[in-house]
Amino acid sequence: MSAGTISIAVDADAAQTFCAASPAERRKLELLLGLRLRELTLGRVRPLGEIMDDMGAEAAAKGLTPDMLESMLSEE
């Protein structure tokens, strides 16, 4: 398979980490990101409920409580 080049926007920390990586580490990251992108675009479509459960678990792990979420959703 031939390789292509794309540009994607990432947060500053991710960009800094990538730029600071050695050429070997960058290549590994590029391969992993390429595989993940391929999986996301060609792989199975995840059910919405599964995606929402994952998002909820991640939000809870970062400290978001149901009360906080309700408060944010009720703001206009």
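Every number in this text was worked out from the coordinates using simple rules, so none of it is lab data. The structure displayed is predicted, hence computed values, not measured ones. No Cβ is skipped: glycine too gets one built from the backbone with ideal geometry, and neighbour counts run over all protein chains shown.
Just a few scattered comments:
- log₁₀ of I(q)/I(0) at q = 0.20, 0.26, 0.28 Å⁻¹ - the range 8-76, Debye sum with one point per alpha carbon: -1.00, -1.08, -1.13
- Length gained on full extension, Glu30 to Ala61: 8.4 nm, using 0.36 nm per residue less the C-alpha separation.
- Residue among Pro47, Phe18, Met72 farthest towards the positive dipole end of the chain, charges placed on Cβ: Phe18
- Residue-span extension gain [Thr41 to Ser7] - 0.36 nm each, minus C-alpha spacing: 10.6 nm
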